[in-house]
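Chemist: For reference, the structure I am asking about is given below.
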Amino acid sequence: MILRRLKQDEHGLTRKLWEEVFTEDTKAFLDYYYFIKTKENRIYVIEEDGEIRSMLQLNPYRIRIEAGEFPSDYIIAVSTQKEYRSRGYMGTLLRTSLAEMYQEKVPFTFLMPAAAEIYTPYDFRYIYSQRSSVIDLTGKNGDDNDTTSGEAAGSEFSERDAAIFDAEEMARFFNQNFADRWQVASARDEAYYRTMILEQQSEHGGVRLLFSDKELIGMFAYAAEDGMEIREPLILPGRERCFEQSAAGLAGGRYEKIKVYGYPDAGIGQEKPLIMARIVHLSTLFAALRVSAAESLDCSFAVLDPILHQNSRIWRLRSLPGEETVSVSETEDSEGVIPVAELTEFLFGRRSADEIRENEDVIITERLQGELEKIRRLDRVFLNEVV
């Protein structure tokens, strides 16, 4: 068995394994992925009998956490050839990549799991649930997921698919109108939207731009490979009907319903856990946290991390009155013990301190709980990335 990180000019060697394992992906998508994404990502492989038998890819993202921006990696294409499974290859690849990310001070890494139970043993936990709904183009009432019922008529608008030169305006639109809604989200710059446009085009779609008097009022990604799907509609308040009219126009009478994913303003539909994360460089994540300026935080507790042992320390978190920032240091005095998986669920607002205390490995004193509750937990997360 040979474990190694591929050189950039070797990345194309993994396409054969991708095509063998992920048979649902089209040639057009893989042409895009291996031309665009593998130019900047990292790929770890295990070779056996002279061939690549297992791989893990890390796609780089800039992630905004509260007021700061940090490097992160989206873990994707974790796969092993059928005949070489159950040999521990995936765990080896995960531990190796996590160790490298730690050296780069990545606060957390994230992925979209095929099944959560694959990754929970490695201390990944859900941090983001995506809302999904349906636009019913048949005009039928009574569908709980129908986003068109009861909407007032929209105002006049124009629309077109985004081109590469629109990416700068798209980034400005997001950052001026939507960025402040979330504590954790991918940093949306011009390069981000250029990649999004190319990605959607590889799936027989694009990114639709909606205008009123030449001013951008909304945008959404769409694909039409197997039915029509829309991802992440970002529409200015009061312009929701324009979005629905645009979606119906794209359907062109070919589809009765359109699936919509990641629509923050829909207010209806279903929420499904989508993105799992794993804390990597814990002190960097701690330093990104914020507390109310009216509070004064001072607590210490031990963290247990069975994979990244550098995180297994007794940490002291403090803030000064009138300041929101958190200072991080090591200490010898502990008021409790929190394993890294439970800490992830607490910091990202998935479980309360009372709830994680139900785990027999968690020790939290009453005073420590009071201090932890001063932390502004990262419960406003927006991560809809596909690759």
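The values are calculated or read from the model by the stated rules, or taken from the named source; none is laboratory data. Values in this document were obtained by computation on a predicted structure and should not be read as measured data. Quick reminder, even Gly has a Cβ in these numbers, built from the backbone with ideal geometry, and neighbours come from all protein chains shown. What goes into the accessible areas is simple: the full protein's heavy atoms, side chains included, and nothing from ligands, DNA or RNA. Shrake-Rupley method; radii C 1.70, N 1.55, O 1.52, S 1.80 Å.
Chemist: When the range 233-243 is examined, which residues are found to be open to solvent by 10 Å² or more (accessible area, probe 1.4 Å) and out of contact with any helix residue (DSSP H, G or I) (no Cβ under 8 Å at 6 or more places or on another chain)?
Modeler: Hits for the range 233-243 are P237, G238, R239, E240, R241.
Chemist: Output the qualifying pairs, or none if there are none: Cβ atoms under 8 angstrom, residues six or more apart or on different chains, first residue in the range 240-257 and over 13 Å from S212 (Cα atoms), second residue of a type in the set (S, T, N, Q) and buried (at least 16 other Cβ atoms within 10 Å of the Cβ).
Modeler: Going by the 8 Å Cβ cut-off, the qualifying pairs are E244/T147; E244/T148.
Chemist: Follow-up question, since we're still on this one. Pick from the range 1-24 the residues that are part of a strand (DSSP E or B) and touching a helix residue (DSSP H, G or I) at 6+ places or on another chain (Cβ under 9 Å): which of them is most open to solvent (accessible area, probe 1.4 Å)?
Modeler: R5
Chemist: Moving to a separate point now. Search the range 92-114 for residues being at pLDDT 95 or above and more than 25 Å from I2 (Cβ to Cβ), and hand back the single one that is most open to solvent (accessible area, probe 1.4 Å).
Modeler: Per the stated criteria, the residue is K105.
Chemist: So which residues in the range 64-87 are of a type in the set (S, T, Y) and either open to solvent by less than 50 Å² (accessible area, probe 1.4 Å) or touching a residue at least 60 places away in the same chain (Cβ under 8 Å) (or both), if there are any at all?
Modeler: S72, Y74, S79, T80, Y84
Listed here are the residues, each with its yes/no results for (1) under 16 Å from the mean Cα position of the chain (by Cα); (2) buried (at least 21 other Cβ atoms within 10 Å of the Cβ); (3) part of a helix (DSSP H, G or I); (4) free of Cβ contacts under 8 Å to residues at least 60 places away in the same chain.
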site: E358; (1), (2), (3), (4): no, no, no, yes
site: D361; (1), (2), (3), (4): no, no, no, yes
site: E371; (1), (2), (3), (4): no, yes, yes, no
site: R377; (1), (2), (3), (4): no, no, no, yes
site: N384; (1), (2), (3), (4): yes, no, no, no
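Chemist: Give the residues of the range 25-69 that are part of a strand (DSSP E or B) and of a type in the set (A, V, I, L, M, F, W, C), sorted by residue number.
Modeler: If the condition is that a residue be part of a strand (DSSP E or B) and of a type in the set (A, V, I, L, M, F, W, C), then I43, V45, I46, I52, M55, L56, L58, I63, I65 are the ones that fit.
Chemist: If the Cβ limit is 8 Å and pairs must be 6+ apart or interchain, which residue in the range 196-208 that is among the hydrophobic types (A, V, I, L, M, F, W, C) pairs with which residue that is assigned to a loop (DSSP other than H, G, I, E, B)?
Modeler: I197/A162; I197/A163; V207/A162
Chemist: Right, here's the next one. Go through the range 319-346 and count every residue that is under 17 Å from D361 (Cα atoms), in contact (Cβ under 8 Å) with a residue 24 or more places away in the chain and not in a strand (DSSP E or B).
Modeler: Summing the residues that are under 17 Å from D361 (Cα atoms), in contact (Cβ under 8 Å) with a residue 24 or more places away in the chain and not in a strand (DSSP E or B) in the range 319-346 gives 8.
Chemist: Would you check which residues across the range 200-220 are open to solvent by 10 Å² or more (accessible area, probe 1.4 Å), closer than 13 Å to A163 by Cα and touching a strand residue (DSSP E or B) at 6+ places or on another chain (Cβ under 8 Å) and list them?
Modeler: G205, R208
Chemist: Got a sec? Which of R350, R367, R316 is in contact with an Asp or Glu (Cβ under 9 Å, 6 or more places away or on another chain) and part of a strand (DSSP E or B)?
Modeler: R316
Chemist: Name the residues in the range 15-57 that are among the aromatic types (F, W, Y) and without any contact (Cβ under 8 Å) to a residue 12 or more places away in the chain, would you?
Modeler: F35, the sole residue that qualifies.
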